[in-house]
Structure formats: C-alpha cells, structure tokens
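J.: Mind having a look at this structure? Questions to follow.
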Amino acid sequence: MTLIVKEVTGGYSQIPVLKNVSFTVPDQKIIGLIGLNGAGKSTTIKHIIGLLKPKKGTITLNGVSFITDQQKYLQQIAYVPERPVLYPELTLQEHIDLTIMAYALDHDQAWQRAKKLLQRFRLANKLAWFPTEFSKGMQQKVMIVCAFMTNAKLFIIDEPFTGLDPLAMHDLLTIVSDKKKAGASILMSTHILATAQQYADEFVLLNHGQVQATGNLTALQQQFKMPTASLDDIYLKMTRDDRNE
Ligand code: ATP
C-alpha cells in the first residue's frame, strides 16, 4: 500500500500553508514527518485524510484518491489525531462498536483485536465508562485502540507520544512495528526525534510548508553534509539555518 503525495499546495485560505509538497509513504515502511512548530505537519495530514482539499496536486493511496472514491480511500486509512476526538454520549464500548460500523469490520474478529489492545493499554475494565471522563493519556489510548483495531493499510499518527507515559509509548511502538510486519505503512509526525530515529525507516523534513529533505538517516546526513549526525543534530541545523535566513 503506497501513499503518494504529489506536488500538493494547500491550506486553510487563499494563502497556502503547503507549497508543492511531494513525498511517498512506501509499503511496509514507517515514515517520520518532522518539522518545527507551524511547519505544516498537521496541515499535511489533514490533506491526506480529506479534511482539507489540495488547491493543486494529488494524493493517492494505491491509485485511489479521496476525490475518486471517498469511502474506499478512507477505509484504508486509520488516523490518530493530535488531540483526542471523543463522543461525550458514548461509552468506551460504544466507541469500539462505532469503529466497527465505520470500517465495516467483522464484529467478532474486531472485538477480539480490540480486547487485546484494551488489555495492553489497561482499559479492559473500563468498557462501560465514558472516555470523555478519562485522563488525557487514557483518551489518547482510546484513539489508538480504535485506530489499531481496524484493518487499515495506512496508519497516520499525529504527535503520537503527547500525553503518553513511557510504558504506553513503548506499547504503541510495539503495535506500530507489528502492523508494519503485517504489511501496513505508517506515517507519524513527531518532535521526539531520538525515538523517530530509532523506529522510522525514512523521514520527511518539512520547513515553512515545503519539503526540505526526504530519505533515511544516511541520505539526510549526506544532504546536510553531516556524515555522523543524529536526526536531532540535523533538525537543529535546519532550525539554525532557518534563523539565519
Ligand atoms: P506543531 O508542531 O506546532 O503541531 P505543525 O507542523 O503541525 O505544528 P500546522 O498545524 O500544520 O503545523 O500549521 C501550519 C500553519 O498553518 C501555521 O502557520 C498555522 O498558523 C496554520 N494553521 C494551522 N491550523 C489552522 C487553521 N485551523 N486555520 C488557519 N490556519 C491554520
């Protein structure tokens, strides 16, 4: 399952936030979307999931786009937003049932997968509770469970580690690795660069709504002429160059 973002220009108004953004999320790869605050990471994700429409350019997932077949396109994507989006009137159990309906999943198989995830995130005894009354981290875990219980081919996670304790962070990374092994692709935006460097196969560095560099760590080291640099060093270099502009 390959996501191709091609020459996308877009944003919230006539003034574009993204300018000619192109990158690929290849099959069975974890891609880290990296950039400073306001660089355009969340805006890029909003275009991919169809919340914003590109003014120019195209976004396709194995040849299917939001425009040509919205339902088919969206059912292949699971998304964990930066801030949890939960329904105040629904219990945890009802959030899971809603996910099953939205993705047209097999009820029993989906519940089996959900139960494993709920146990992992210590939510299994909270099915009758309302997630809007959970702590921030627990709410984030509900979003993770609802995304990772699907059969999506592409998982998009916006700032996945915000609010998660170290144990939950580790559990999420294990789940992400398992999904990759099972054939899925993952796009995650993050500021936790040491973790990104450890887990992501390739990176997309965004700056002022433009792709500044893409590739694995070796490719970035070459591009920035810093042969032994960490992702953190490269990110800081990008920031400094930015300030000196
Ligand atoms: P962060 O790391 O802080 O989450 P980001 O890279 O995800 O940053 P975006 O949220 O994509 O950044 O923001 C990119 C630009 O788009 C910013 O200049 C921001 O002001 C603008 N922007 C973001 N959301 C909106 C909105 N709802 N309406 C108008 N402009 C917005």
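Values quoted throughout were computed directly from the atomic coordinates according to the rules given, and no laboratory measurement underlies them. What you see is a predicted model; the values in this text were computed from it and never measured. Glycine also receives a Cβ, built like all others from the backbone with ideal geometry; neighbour counts cover every protein chain displayed.
J.: Go through the stretch 15-49 residue by residue and tally those that are more than 7 Å from the ligand (Cβ to nearest atom), more than 16 Å from the chain's Cα centre (by Cα) and without any contact (Cβ under 8 Å) to a residue 12 or more places away in the chain.
T.: 1
J.: Out of (1) hydrophobic (A, V, I, L, M, F, W, C); (2) buried (at least 18 other Cβ atoms within 10 Å of the Cβ); (3) closer than 28 Å to ARG122 by Cβ, what's the single condition that is false for ILE192?
T.: Here ILE192 meets the rest and fails (2).
J.: Same structure again: Hey, could you check the stretch 136-167 for residues that are away from the ligand (no atom under 16 Å from the Cβ) and among the β-branched types (Val, Ile, Thr) and say which is nearest to ALA104 (Cα to Cα)?
T.: That would be THR150.
J.: Output the helices (runs of 4 or more DSSP H) that fall wholly within the stretch 113-231 and possess 1 or more residues being among the acidic types (Asp, Glu), or say none. Give the derivation first.
T.: Numbers: elements: 136-148, 166-181, 193-199, 217-223.
It comes to 166-181.
J.: Considering only the stretch 157-180, I want to know if a residue exists there that is under 25 Å from ASN62 (Cα atoms) and in contact with a Pro (Cβ under 7 Å, 6 or more places away or on another chain).
T.: The answer is yes; a qualifying residue exists.
J.: Please go through the stretch 50-65 and give me each residue that is in contact (Cβ under 8 Å) with a residue 40 or more places away in the chain and either in a loop (DSSP other than H, G, I, E, B) or basic (Lys, Arg) (or both), ordered by number.
T.: Those that are in contact (Cβ under 8 Å) with a residue 40 or more places away in the chain and either in a loop (DSSP other than H, G, I, E, B) or basic (Lys, Arg) (or both): LEU52, LYS53, PRO54, LYS55, LYS56, ASN62.
J.: Also, quick follow-up: Being farther than 17 Å from GLY32 by Cα and either among the aromatic types (Phe, Trp, Tyr) or more than 16 Å from the ligand (Cβ to nearest atom) (or both) narrows it down to one residue among HIS95, HIS170; which is it?
T.: Of the residues listed, the single one that is farther than 17 Å from GLY32 by Cα and either among the aromatic types (Phe, Trp, Tyr) or more than 16 Å from the ligand (Cβ to nearest atom) (or both) is HIS95.
J.: Condition (residue is without any contact (Cβ under 8 Å) to a residue 24 or more places away in the chain, crowded, with 19+ Cβ neighbours inside 10 Å and within 16 Å of PRO84 (Cβ to Cβ)) applied to the stretch 141-157: is it met by at least one residue?
T.: No, there is no match, as no residue in the stretch 141-157 is without any contact (Cβ under 8 Å) to a residue 24 or more places away in the chain, crowded, with 19+ Cβ neighbours inside 10 Å and within 16 Å of PRO84 (Cβ to Cβ).
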